[in-house]
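Just below is one structure, and these are the notes that go with it.
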Ligand SMILES: Nc1ncnc2c1ncn2[C@@H]1O[C@H](COP(=O)(O)OP(=O)(O)OP(=O)(O)O)[C@@H](O)[C@H]1O
Ligand SMILES: Nc1ncnc2c1ncn2[C@@H]1O[C@H](COP(=O)(O)OP(=O)(O)OP(=O)(O)O)[C@@H](O)[C@H]1O
Ligand SMILES: [Mg+2]
Ligand SMILES: [Mg+2]
């Protein structure tokens, strides 16, 4: 589905990515984990075309993404839940969901109603402007907004930040069932244990490279890795 | 010898730029007809745009004074003139006004080095009052923008007008819509109105007045520069029948004017305005002075003496100089009518003032 | 390991270098036999003072005042009116007027300070675009007042036929006047740069970057912003005072919105939030205008695109990047 | 009484004209976040194009098309070459760049069309007056102005608040990059909306041309007033622009109409006349100052 | 000035006493009669589902929002009507759930700013606080505490999200506040940093009085002396971590399976 090869990139004068390599097969869920400031978000931004790639390749279902503008990447079926929520503050909850929505390809796709059923809280707040939502509500909205584009590949950058435990569980459950429906998922998150049942593969990112990858079980078995790269 | 340099500071940018353009072109036409010479002396025009900003004009003048230019003209607005003239005359150099003649410099602050080729600012308005009397208007409404020239205009009109002023209306300086004032005029139903609005505002007023149908029922009287040739083309038929006062008109029947209008049209492809005529006259006047000193402006006293004689043939006919070095001339009442070719032009109705001289000259103690 | 604001010493050197250059300018003009250059440079200096003042609030406080010309106008009018009474019109409210700079100038600055305090107090209730517009509104009010001051010439303005006197100096000498302006500019810039780097300045800039954070750290926004605004008003008023002396003429268009726009253009052109940049910006703007008007009457056809290009090319004006300004994104 | 009614209509008409300019500007300025001083220039370009086409074809319909195409096209060009690089920048830079564009446009127009203000006559169908009430005749042209203003208001309100384009534009003002990352070509969208704003200016230009002088600088003359309208109404909301335009139109017109006689009755004429004139000049600025002091965000801000 | 609480009274009366606090946004009752008491030196956690009103409560405590009803008493003084900056001067400090920092300042400058605003000499327009050794040394020390010492000279706008979260905490802590309000300080931090901050806050226990809003239950249970649970603007329970863990209503409304 998605292949990232030897990707380099960064901001202005400073290089952040030094050859990222990973892939996510169709219907798989993979993670990028690592300490703060190691380049996870930078990878996502480069993937989305929000930052130029300086070298390497990103291929989605045979299409080269590295030269595309963000909206073109998104239209190929990549849905993004960005770090820090970034909901549209002056739009209402409803407008946030509808503004960038795209029609589902199948009958089972995401609709306005289905998102509101997933997050009943949002239904209560339908007409409220997104700026005044609570932190967690904004996070739900950001996830819902990405789902409404009916993506093939969902990228979640710290999507559970600020969510109450109960909701977090619901989201993991939901992602599991999405995966079953064939969605490909990339997660960046710190809750290793909660993610474990969803993921096929972890990728540990250190200083702009993937330094280790393996299944959640393998990671659990290697406590030295967690200690060395994740500080646990 | 090097050509005599003439500092020509005028407004070329801003909407009023067309006035500066006509001043410059009118002056240049005279130079061109003289083959690059005025009075047989080669001249070079140093033109600079003041952007209608007094401070910029003063800058330009100071710079030219320091670079040794001794003769100046071109300014088209009173407030700009007020900024330029003192610096020039203080240096002992000559300024000849192509257009404004503010009262300060006509009275107490008159100066031997300052001449006016056009008119004293009040002339058109006092003539307006007289014209209103002669046309038999008893009750009039008068309008002008709320700034110095506007207030002076209405004061000038009231000085000679004998009837009743129903309303004295001051419009906003940058106003472009006059529907409110026009409605008020309609409800007052005066015999006539006298209004003075320069440039775009004048066009707007005339257009809207005409379109509101008042042009036919309530005659409008205004100073000539409030409806110059260019404003006339932009106003179109709405202006038919308006009365103006002035010192000259393209339709004036004298050989100088016929030739001037013809030459101007062929050279610049448009009809000259009064401004162009004034600048042309200024050039002829300067020519007479330059000839007398043979282009040597360091002979200041001789140059001044020659200018005082005003020994040139003005397009408007009579032209003499008062003690304050402002013109003594005739003023006419005109009416805007379709000429033979179908185009609109002010046609002289009659002469209303002979040998008009301004009232400030008495206050002027001209040192010689 | 103290991270100092980058370029501090570099900026000091640029400042000193510029000062030296300006100090030598009359000499050079004398040698090159272009005495007019001194006059022109005096103009740069005067607008430089205004630009620095505007930068103080615009670059460091994010208070985009679109009405600063009102202080420029007021400062000028105060000295011109006092001179008018002293020289021609007889006493004003029982005071005979004065031509002493040391008397009149502080009065003018005080007037500007008071106007600044009043306008600032009201305008600072708003932010952003509203602030831009409300300062503009007040400037327009001042403009209309000046226009309607019939006793002082209305829209024709008021001539100031003689310059103010300073003890021991003959301001009628262009070169003396030039050095007075230069000294005032240097002192004012130094003062402003101290203020900007001070505790006060640090809080002021914090209020610009994150008002919410600064308030929750205990900073009351209005006192900081208002003080800066008043200071800036006085600085601009000083420029107006000098301008009246320089030009010998004050006109209402000193307070017109286009003048405010030009001042803003100078600041941005030179680099907002750098203090030195705006001085250079003033020189570039005026110099360009001067050169282009002398070259062609269609000078705006060139000037316009130049301004656009400066914005498109540089992130922070012509010199902002180079001087390491704090403003701009 | 009819005089009062007529003056109210005049206020309404002035308001309609202001609204046409303000609505486009509020889109660009309030919603897209660009302080666009060039807005007045689009209006001027529209008026000049109308005058030019009218001179060539003598058809007001052609003039209208020319004005819309000219202003809209110039708007697109300006967006494409300059404005598109400024969305992310501070307001300051937008002010400077668009200030430069004003200088350029004015000079370019005067070079292209000459300094002579061209003539635009009222088209035959819109000339003349209708009797609205006994004794109250009102020019058709001005009534048309009011009508079209109302139509534009409705259309825009619908576009901004009820369509997806409106949502996306508002979303873009919050976070451009995110709109893009969610699959919408925000650049193209913004270009089009900017063009729409310019198009409205062209409409105002062609409507105003028969009433006003078509001249260099006609844009700046209304620009400041337009900004005043927007700020009074609350930046970014069409409803606000509407309210602001009507308020400013009314205050300005009624102030000019009735202040002089009102003051005349209370004061000596030599004081009353200049005072009334002065007050009328400053009235809209005073209005703005008062409104901003009481409601710093304006009457109907888009984002409270 | 910040820590001059009268020790005799503080043992008896709580440092912060909130009574009957109400705040509604239209029909939404975000804070619906909240009572809360914080003893000096305790870490008091506030948990609850998303949108329960935690941030709204903090906003009212720090003075950004004016409550509709109720009172807030800090150290015996009623501060309900005080503006936010005035409360900050009385020793209140907060961190933001959504980072609020000065992006054009360096990391160190952000902390210096926080410190200099506690000195009461902030309105001084001559000396440069960046050259003040006491300020910079103290700021550098706090950066060390949160693990940002090697980032001191970086402009905040160039920091990664997690690093900003660390700085957010440093800025709040550096002021040695009388009362510290932390709104989800661990959100956005990695596991290592979370653990590190937990340790740091643990070290500050007894010296600082902290109201902690956090969804990271590991941190909450490790740190809190007492926990208050807020649901739909109402406090449903206050107790020790163990009591909360086993409270059925809390588990249903908030924790889900977490507590097992
Ligand atoms: N806008 C920016 N400009 C310059 N440098 C940046 C910018 N954003 C991030 N960086 C730097 O890039 C590096 C990687 O940042 P990135 O945001 O990718 O980290 P991350 O792995 O997502 O961390 P976190 O878990 O904190 O979100 C960091 O060192 C950071 O300082
Ligand atoms: N200005 C406002 N207008 C309308 N509703 C608001 C406003 N501010 C907050 N709310 C609502 O009040 C409720 C409480 O919000 P608050 O931010 O306090 O929640 P929270 O407990 O901090 O949640 P989280 O854990 O998700 O951050 C939310 O439902 C929110 O949508
Ligand atoms: Mg990240
Ligand atoms: Mg919260």
I need a count of the residues in region B:272-313 that are surrounded by fewer than 23 Cβ atoms within 10 Å (Cβ to Cβ), within 22 Å of the chain's Cα centre (by Cα) and without any contact (Cβ under 8 Å) to a residue 60 or more places away in the chain.
6
I want to confirm something. Restricting to region D:85-101 and keeping residues that are more than 7 Å from chain C (Cβ to nearest Cβ) and part of a helix (DSSP H, G or I), which single residue is nearest to residue C:316 (Cα to Cα)?
D:94
Given the criterion within 15 Å of the chain's Cα centre (by Cα) and at pLDDT 90 or above, identify the matching residue among C:260, C:227.
C:260
Can you tell me how many residues in region E:85-100 are away from chain A (no Cβ under 13 Å) and surrounded by fewer than 23 Cβ atoms within 10 Å (Cβ to Cβ)?
4
Residue match in region C:258-274 (condition: within 14 Å of chain D (Cβ to nearest Cβ) and on the phi > 0 side of the Ramachandran plot)
yes
Any residue in region D:81-100 that is more than 22 Å from residue D:189 (Cα to Cα) and at pLDDT 90 or above?
yes
Could you pull out the residue among A:137, A:94, A:161, A:124 that is within 12 Å of ligand 2 (Cβ to nearest atom) and surrounded by fewer than 19 Cβ atoms within 10 Å (Cβ to Cβ)?
A:124
Could you say whether any residue in region E:222-241 is within 27 Å of residue E:115 (Cα to Cα) and either within 14 Å of another protein chain (Cβ to nearest Cβ) or more than 13 Å from ligand 2 (Cβ to nearest atom) (or both)?
yes
Restricting attention to region D:116-138, and to residues there that are touching a strand residue (DSSP E or B) at 6+ places or on another chain (Cβ under 9 Å) and within 23 Å of residue D:48 (Cβ to Cβ), which single residue is farthest from the other protein chains (Cβ to nearest Cβ)?
D:126
Could you tell me which of the residues E:199, E:195 is away from ligand 1 (no atom under 16 Å from the Cβ), free of Cβ contacts under 8 Å to residues at least 60 places away in the same chain, within 13 Å of chain A (Cβ to nearest Cβ) and part of a helix (DSSP H, G or I)?
E:199
Among residues of region A:159-191, those that are within 16 Å of ligand 3 (Cβ to nearest atom) and either over 14 Å from residue E:215 (Cα atoms) or out of contact with any helix residue (DSSP H, G or I) (no Cβ under 8 Å at 6 or more places or on another chain) (or both), counted:
4
Please work out which residue is surrounded by the most Cβ atoms within 10 Å (Cβ to Cβ), limiting yourself to region B:335-355 and to residues that are under 22 Å from residue B:130 (Cα atoms) and in contact with a helix residue (DSSP H, G or I) (Cβ under 6 Å, 6 or more places away or on another chain).
B:336
Test residue E:144 against the criterion of being over 30 Å from residue E:75 (Cα atoms) and more than 7 Å from every other protein chain (Cβ to nearest Cβ), and give yes or no.
yes
With respect to the numbered conditions (1) outside any helix (DSSP H, G or I); (2) buried (at least 23 other Cβ atoms within 10 Å of the Cβ); (3) more than 9 Å from every other protein chain (Cβ to nearest Cβ), which one is the sole condition not fulfilled by residue E:111?
(1)
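The rows are residues; the columns are (1) at pLDDT below 90; (2) farther than 19 Å from residue E:60 by Cα; (3) part of a loop (DSSP other than H, G, I, E, B).
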| position | (1), (2), (3) |
| --- | --- |
| E:176 | yes, yes, yes |
| E:181 | no, no, no |
| E:189 | yes, yes, yes |
| E:237 | yes, yes, no |
| E:244 | yes, yes, no |
Let me spell it out: the conditions are (1) within 14 Å of chain A (Cβ to nearest Cβ); (2) within 30 Å of residue E:248 (Cβ to Cβ), and residue E:211 meets all of them except one. Which number is the exception?
(1)
Do the conditions hold for residue D:291, that is, is it farther than 30 Å from residue D:172 by Cα, buried (at least 19 other Cβ atoms within 10 Å of the Cβ) and in contact (Cβ under 8 Å) with a residue 24 or more places away in the chain?
no
If you check B:91, B:83, B:30, which single one turns out to be surrounded by 21 or more Cβ atoms within 10 Å (Cβ to Cβ) and out of contact with any strand residue (DSSP E or B) (no Cβ under 6 Å at 6 or more places or on another chain)?
B:30
Restricting to region A:31-67, and then to whatever is away from chain E (no Cβ under 14 Å) and within 16 Å of ligand 3 (Cβ to nearest atom), can you tell me which residue is surrounded by the fewest Cβ atoms within 10 Å (Cβ to Cβ)?
A:50
Quick check on this structure: which one of E:117, E:159, E:148, E:167 is crowded, with 21+ Cβ neighbours inside 10 Å, more than 15 Å from ligand 1 (Cβ to nearest atom), in contact (Cβ under 8 Å) with a residue 12 or more places away in the chain and outside the structural domain of residue E:197 (by TED's automatic domain parsing)?
E:117
Quick one: which helices (runs of 4 or more DSSP H) lie wholly within region B:102-209 and hold at least 3 residues that are more than 13 Å from every other protein chain (Cβ to nearest Cβ), surrounded by 19 or more Cβ atoms within 10 Å (Cβ to Cβ) and touching a strand residue (DSSP E or B) at 6+ places or on another chain (Cβ under 8 Å)?
B:123-135
Select from region B:142-166 the residues that are at pLDDT below 90 and over 14 Å from residue B:126 (Cβ atoms) and list them in ascending order.
B:145, B:146, B:147, B:148, B:149, B:150, B:151
Is one or more of the residues making up region A:142-157 surrounded by 18 or more Cβ atoms within 10 Å (Cβ to Cβ) and within 16 Å of ligand 4 (Cβ to nearest atom)?
yes
Residues that are within 13 Å of chain A (Cβ to nearest Cβ) and more than 16 Å from ligand 4 (Cβ to nearest atom), drawn from region E:174-188:
none
Number of the condition not met by residue C:207 [criteria: (1) touching a helix residue (DSSP H, G or I) at 6+ places or on another chain (Cβ under 9 Å); (2) within 7 Å of another protein chain (Cβ to nearest Cβ); (3) within 24 Å of residue C:119 (Cα to Cα)]:
(2)
Subset of region A:193-207 [within 16 Å of ligand 3 (Cβ to nearest atom) and surrounded by fewer than 22 Cβ atoms within 10 Å (Cβ to Cβ)]
A:195, A:206, A:207
Selection status of residue B:46, surrounded by fewer than 21 Cβ atoms within 10 Å (Cβ to Cβ), within 14 Å of chain C (Cβ to nearest Cβ) and in a helix (DSSP H, G or I)
no
Please pick out the residue among E:37, E:12, E:27 that is at negative phi, surrounded by fewer than 20 Cβ atoms within 10 Å (Cβ to Cβ), modelled with pLDDT of 90 or more and more than 16 Å from ligand 1 (Cβ to nearest atom).
E:37
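The values are calculated or read from the model by the stated rules, or taken from the named source; none is laboratory data. None of the values given here were measured: they were computed from a predicted structure. As a convention, Cβ positions derive from the backbone with ideal geometry for all residues, glycine included, and neighbour counts pool all protein chains shown.
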